[in-house]
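Engineer: Handing you this structure, nothing more for now.
What follows draws every value from the coordinates through simple rules; no lab data is involved. On a predicted model such as this, the values are computed, not experimentally measured, just so you know. With ideal geometry, Cβ positions are generated from the backbone for all residues, glycine too; neighbour counts draw on all protein chains shown.
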Amino acid sequence: MVIKKKYDRKTLLRFYREMKRVREFDTKASELFTKAMIAGNIHTCIGQEATAVGGCLALNPSDFIIATHRGHGQCLAKGGDSRMMMAELFGRETGYCRGKGGSMHIANVGIGILGANGIVGAGIPIGVGSALASKILKTMEVTLVFFGDGASNTGEFHEALNMASAWDLPVVFLCENNKYAVSVNIERVTKIKDIAERAKGYGIPGVITDGCDVLAVHETVKKAVERARAGQGPTLIEAKTYRYHGHYEGEPQMYRTKEEVMEWKNRDAIERLRKEIIEAGFTTEEELAGIDKEVKEEMEAAVLFAQNSPYPERKEVMTDVYASDNERGVAR
Amino acid sequence: MRQINYSKAITEALREEMRRDEKMIIMGEDMGVMGSVFGLTVGFMKEFGENRVIDTPISENGFTSVAIGAAMRGLRPVVEIMYVDFAMAGYDAIANQAAKVSYMSGGTLSVPMVIRTPAGAGRRSAGQHSQSLEAIFTHIPGLKVVAPATPYDVKGLLKSAIRDNDPVVFIEHKSLYFYDAKCDVPEEEYLIELGKADIKRAGNDVTIIAWSQEVIHALDAAAQLAEEGISAEVVDIRSLVPLDFDTIRNSIIKTRRAVIVHEAVKRGGYGGEIAAQISDELFDYLDAPVKRVAGSNVVIPFSPALEDKIIPQTGNIVATVRELLHGGKNAVFTNAV
Ligand SMILES: Cc1ncc(C[n+]2csc(CCOP(=O)(O)OP(=O)(O)O)c2C)c(N)n1
Ligand SMILES: [Mg+2]
């Protein structure tokens with residue numbers, strides 16, 4: 001069995017735990033949103049855990065990611081603290097952005113999260129800029145850019161890939177192709193079958209990977225990261241994946257069938273890894289149940305932390321618009 | 001009379017114009033299969049076909065420019081930009097292309113199209129999904145800009161905008177989509193001319209000038225002020241470009257005081273433009289400085305504890321009018337907004 005040769009127990013359990021954390025976080029977020037305890041809008045990544053975890057675990061802590069509107073998993077897997085993330089979703093002072101950004105905008109440069117984006121596609125060239133900084137500063141941290149199939153039709157995507165490849169920048173583009181941009185099936189707005197094919201137009205490798213297999217995603221991203229770090233330039237990776245929930249919570253999903261959703265649920269990445277690592281003798285049902293319990297407790301604690309945190313004070317609404325001269329900048 | 005709400009009025013205007021003019025097309029993200037993310041075009045793709053109701057990729061600049069080209073060739077596109085914030089991703093198409101075609105072609109080409117776009121805060125959607133950006137469009141010669149507040153107005157104005165031969169940026173406040181209040185909307189066809197203000201409430205002591213959702217707040221404020229014996233006139237300008245300054249002038253000559261209310265950030269907001277025109281032309285009639293009640297000069301925060309603090313509410317309007325009347329030129333304005 002390949003898995004035995006390539007991985008040790010600790011790593012495999014880490015993959016499992018991280019995917020579970022992502023699912024549990026978003027399951028909680030979904031429940032709380034439905035109960036109107038979280039305001040605004042949230043986009044869950046339930047079903048897409050393998051891309052977030054497989055991708056981020058191929059990075060060093062000092063590397064960077066660009067997250068998306070569907071980015072809770074990406075942020076958690078990059079080292080995000082579930083309590084501070086949940087507090088942000090609740091709009092509390094203790095959140096990553098002190099309640100000013102909310103679900104779609106978690107950012108923290110200390111753990112390498114250069115922000116998520118409410119503007120689809122806008123993060124892609126920002127990631128290229130981060131890679132340019134690595135090159136100029138000769139630090140060679142890699143930037144992993146997450147984006148969706150929908151984002152691959154923005155001008156930013158194409159302009160970003162062109163610059164990144166022309167300048168051989170240390171960046172990896174990871175497309176989470178979940179087939180839909182809100183209701184629009186990618187096949188209805190794109191002629192080619194695989195987004196990875198677009199890499200050809202920019203003279204860089206384009207690779208398709210199974211987004212329901214965390215190890216496959218991980219290996220593909222790892223290779224691309226090594227290539228980027230070695231100064232050989234960017235790679236475009238397309239992971240075929242699927243979101244189980246609507247585009248946002250409560251979205252009616254009239255554009256897809258229950259059968260289609262079931263078909264993808266049957267390929268669930270967490271279940272798949274669970275089976276594989278038990279069969280290969282790395283772990284037992286009991287041990288995994290223990291992890292499940294710990295993760296559940298972690299997320300319950302995160303919710304309590306968020307609920308018990310204060311809202312930002314009123315005067316906070318006026319701060320942070322500018323990094324300097326804020327008061328004068330806001331006054332007139 | 002029959003009553004409908006704001007969203008229904010928009011849907012009716014779109015459907016009636018689609019039936020009337022087969023040159024009209026609708027383009028935008030999720031407009032077809034889904035019937036728009038706000039449910040405004042449900043059933044349209046079925047009725048009018050995939051050629052006339054087009055689901056676009058996420059390419060705001062691209063599809064807006066595609067619509068411009070189609071308009072030059074005689075179609076009448078109505079583009080939706082899902083949130084006005086995303087119009088910034090298509091701003092070249094709007095500002096450098098659509099707005100310029102008529103003039104730079106010496107009037108030989110025109111762009112009969114509408115860019116419908118929801119704007120506004122209040123839904124905890126944070127900084128990139130909540131802005132009011134009308135002033136960015138009013139600043140560009142060549143664009144008409146409309147921002148209706150009521151079901152009656154939105155229907156009549158949208159139909160006129162669609163028939164207009166210039167690019168019209170048609171701003172809908174997304175909170176009004178969810179606003180339950182219905183109003184009388186006749187079943188028979190009617191149009192409202194672009195560039196005509198509407199006095200939504202008559203009064204003698206002060207003129208409150210507003211558009212979009214702030215009209216609703218202004219009317220609430222006027223009702224409260226009436227209880228204190230202050231008679232406020234509410235002028236809903238409805239269309240920002242062209243602007244019906246005659247209605248504003250006549251009102252101010254009567255009331256001698258003006259308060260302009262908008263949700264957009266105060267700095268560079270369209271209220272500044274109206275205030276300047278008032279001071280240019282009506283200085284001698286004024287008993288008090290022209291006041292603006294507008295959004296704070298900040299990014300819209302997500303936190304429910306913060307968002308409402310920076311958007312003008314009824315109370316802010318009431319307080320400003322009160323001080324304007326009681327303090328006159330020496331009024332100290334205490335409200336932060
Ligand atoms: C510039 C811009 N246009 C439109 C939107 C509205 N919108 C938000 S998410 C989304 C779909 C994104 O699809 P995809 O990139 O495939 O990501 P997914 O939601 O599937 O993860 C759209 C159209 C936006 N946020 N920004
Ligand atoms: Mg998608």
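Engineer: Is segment B:2-185 rounded, prolate or oblate when judged by the Cα gyration tensor, a ≥ b ≥ c being the square roots of its eigenvalues, rounded requiring a/c under 1.5 and prolate requiring a/b larger than b/c?
Structural biologist: Note, shape of segment B:2-185 comes out rounded.
Engineer: With θ taken as phi - 60° and the coefficients 6.51, -1.76 and 1.60, list the Karplus ³J(HN,Hα) couplings across segment B:197-212 in order, rounded to whole Hz; mark glycine and proline as x.
Structural biologist: 3J(HN,Hα) across segment B:197-212, in whole Hz: 6, 9, 7, 7, 7, 8, x, 10, 9, 7, 9, 9, 9, 8, 8, 6.
Engineer: Would you please give the residues with an amide H less than 5 Å from that of A:I208, counting only those at least 5 places away or on a separate chain, with H modeled from the backbone geometry?
Structural biologist: Correct list: A:E238.
Engineer: Under a 5 Å amide H to amide H cut-off, with H placed in plane at 1.01 Å, what residues pair with A:A181 once short-range neighbours are removed?
Structural biologist: Distant-sequence amide H within range of A:A181: A:I186.
Engineer: Where in segment B:146-208 are there GluC sites (Glu not before Pro) that are in a DSSP coil and have at most 16 other Cβ atoms within 10 angstrom of their Cβ?
Structural biologist: Within segment B:146-208, the qualifying GluC sites (Glu not before Pro) (loop, at most 16 other Cβ atoms within 10 Å) are B:E187, B:E188, B:E189, B:E193.
Engineer: Related question: Restricting the count to DSSP beta bridges whose residues both fall in segment B:198-326, what percent are antiparallel, rounded to a multiple of 5?
Structural biologist: The antiparallel fraction comes to roughly 20 percent.
Engineer: In nm, to one decimal, how far is the modelled label at B:R256 from the one at A:I111, with both set 7 Å along Cα→Cβ?
Structural biologist: Going by the 7 Å Cα→Cβ label model, 6.3 nm.
Engineer: Right, another one. In peptide A:153-165, what is the residue-averaged number of other protein chain Cβ atoms found within 10 Å of each Cβ?
Structural biologist: 2
Engineer: Next question, about the same structure. Put +1 on the Cβ of each Lys and Arg and -1 on the Cβ of each Asp and Glu in segment B:198-326; which of B:Q313, B:V241, B:G268 then has its Cα farthest toward the positive end of the dipole?
Structural biologist: After comparing all options, I get B:G268.
Engineer: Starting from 0.36 nm per residue, how many nanometres of slack lie between B:R19 and B:R73 once their C-alpha separation is accounted for?
Structural biologist: Fully extending the segment from B:R19 to B:R73 adds 17.4 nm.
Engineer: Separate question: Given Cα pairs under 8 Å that are at least 6 residues apart, what percent is the relative contact order of chain A?
Structural biologist: That works out to 22 percent.
Engineer: Follow-up. Taking R0 as 30 Å, what FRET efficiency do you get between B:F245 and B:L109 from their Cβ-Cβ distance, rounded to the nearest 0.05?
Structural biologist: The pair B:F245/B:L109 has a calculated efficiency of 0.55.
Engineer: From the cross-link list A:K28/A:K78; A:K6/A:K78; A:K296/B:K309; A:K135/A:K223, which pairs have alpha carbons spaced over 27 Å apart?
Structural biologist: A:K296/B:K309
Engineer: Quick check: net charge around B:S212, other residues with Cβ under 11 Å of its Cβ, Lys/Arg +1 and Asp/Glu -1?
Structural biologist: Charge balance in the 11 Å sphere: -4.
Engineer: If you don't mind, there's one more thing I want to ask. Rounding to the nearest 20 debye, state how big the charge dipole of the protein assembly as shown is about its Cα centre with +1 on each Lys and Arg Cβ and -1 on each Asp and Glu Cβ.
Structural biologist: Dipole magnitude for the protein assembly as shown comes out near 1040 debye.
Engineer: Can you say what percent of the DSSP beta bridges in chain A, counting only those with both residues inside, are antiparallel? Round to 5.
Structural biologist: Among the beta bridges of chain A, antiparallel pairing accounts for roughly 10 percent.
Engineer: Turning to a different aspect of this structure: Of the trypsin sites (Lys or Arg not before Pro) in segment B:51-136, which ones lie in a loop per DSSP and count no more than 11 other C-beta atoms within 10 Å?
Structural biologist: Answer in residue order: B:R73.
Engineer: Ok, one more. Return the FRET efficiency for the residue pair B:K196, A:Q307: r is the Cβ-Cβ distance, R0 is 56 Å, and the value is rounded to the nearest 0.05.
Structural biologist: 0.65
Engineer: Counting chymotrypsin sites (Phe, Trp or Tyr not before Pro) as exposed when in a DSSP loop with at most 15 other beta carbons within 10 Å, what is the longest stretch of chain B free of them?
Structural biologist: So the longest stretch without any such site is B:1-177.
Engineer: Pick out, from A:T44, A:A107, A:F282, the residue whose Cα sits farthest towards the positive end of the charge dipole of segment A:2-331, with +1 on the Cβ of Lys and Arg and -1 on the Cβ of Asp and Glu.
Structural biologist: A:F282
Engineer: Round to a whole angstrom and tell me the spacing of the C-alpha centers of segment A:217-241 and segment B:192-226.
Structural biologist: After rounding, the separation between the Cα centres reads 58 Å.
Engineer: Each residue of segment B:75-90 in turn: what ³J(HN,Hα) in whole Hz from Karplus with 6.51, -1.76, 1.60 and θ = phi - 60°, glycine and Pro shown as x?
Structural biologist: Running phi through 6.51 cos²θ - 1.76 cosθ + 1.60 with θ = phi - 60° gives 7, 10, x, 10, 9, 9, 9, 3, 9, 4, 4, 6, 5, 5, 7, x Hz.
Engineer: Something else now. About the Cα centre of chain A, how large is the charge dipole given +1 on each Lys and Arg Cβ and -1 on each Asp and Glu Cβ? Please answer in debye to the nearest 20.
Structural biologist: 440 debye
Engineer: Further, regarding this structure: Hey, in the GNM for chain A with a 10 angstrom Cα cutoff, which one of A:E313, A:E88, A:E249 fluctuates hardest?
Structural biologist: Evaluated over chain A, the most mobile residue of the options is A:E313.
Engineer: What does the extension gain come out to for A:R188 and A:E297, with contour length at 0.36 nm per residue minus their alpha carbon separation?
Structural biologist: Separation in residues times 0.36 nm, less the Cα-Cα distance, equals 35.0 nm.
Engineer: Can you give me the long-range amide H partners of B:V293? Hydrogens built in the peptide plane at 1.01 Å from N, cutoff under 5 Å, separation of 5 or more residues or another chain.
Structural biologist: B:I260, B:V261, B:H262
Engineer: Which FRET efficiency value, to the nearest 0.05, is calculated for A:K10 and B:H139 with the Förster distance at 45 angstrom and r the Cβ-Cβ distance?
Structural biologist: 0.15
Engineer: If Rh is defined by the Kirkwood formula over all Cα pairs and Rg also comes from Cα, what ratio Rg/Rh do you get for segment B:141-227?
Structural biologist: Ratio of gyration radius to Kirkwood radius for segment B:141-227: 0.99.
Engineer: Read phi for every residue in segment A:244-259 and hand back ³J(HN,Hα) as whole Hz from Karplus 6.51 cos²θ - 1.76 cosθ + 1.60, θ = phi - 60°, with x for Gly and Pro.
Structural biologist: Residue by residue, segment A:244-259 yields 7, 8, x, 3, 10, 5, x, 6, x, 6, 6, 8, 9, 8, 4, 4 Hz.
Engineer: Given A:K35/B:K200; B:K100/B:K196; A:K222/A:K265, which pairs have Cα atoms separated by over 29 Å?
Structural biologist: Violating the 29 Å Cα-Cα cut-off are A:K35/B:K200.
Engineer: Remind me, relative contact order of chain B in percent, using alpha carbon pairs under 8 angstrom and six or more residues apart?
Structural biologist: Worked out over chain B, it gives 15 percent.
Engineer: For chain B, what is the percent of antiparallel DSSP beta bridges, rounded to the nearest 5?
Structural biologist: Once the DSSP bridges in chain B are tallied, antiparallel ones form about 15 percent.
Engineer: I've got another one for you. When the Cα atoms of the protein assembly as shown are enclosed in a convex hull and the volume is divided per residue, what value in Å³ results?
Structural biologist: 169 Å³
Engineer: Need one number: nm distance between label points at A:K265 and A:A289, each 7 Å from Cα along Cα→Cβ, rounded to one decimal.
Structural biologist: About 2.3 nm separates the two model spin labels.
Engineer: Which residue fluctuates most in the GNM of chain A (Cα springs below 10 Å): A:T235, A:T283, A:T139?
Structural biologist: Largest GNM mean-square fluctuation: A:T139.
Engineer: By its C-alpha gyration tensor, with a ≥ b ≥ c as the square roots of the eigenvalues, how is segment A:114-233 shaped: rounded for a/c under 1.5, else prolate for a/b larger than b/c, else oblate?
Structural biologist: Taking the square roots of the gyration eigenvalues as a ≥ b ≥ c, segment A:114-233 is prolate.
Engineer: Here's a follow-up. How large is the convex hull of the Cα atoms of chain B per residue, expressed in Å³ as a whole number?
Structural biologist: Value for chain B: 132 Å³ per residue.
Engineer: How far apart, in nm, are the 7 Å Cα→Cβ label points at A:L137 and B:N165?
Structural biologist: 5.7 nm
Engineer: Once you charge only the Cβ atoms, +1 for Lys and Arg and -1 for Asp and Glu, what is the size of the charge dipole of segment B:2-185 about its Cα centre, to the nearest 20 debye?
Structural biologist: Around 320 debye, computed over segment B:2-185.
Engineer: On C-alpha positions alone, give me the angle between the axis of helix B:60-72 and the longest principal axis of chain B, in degrees, nearest 10.
Structural biologist: 70 degrees
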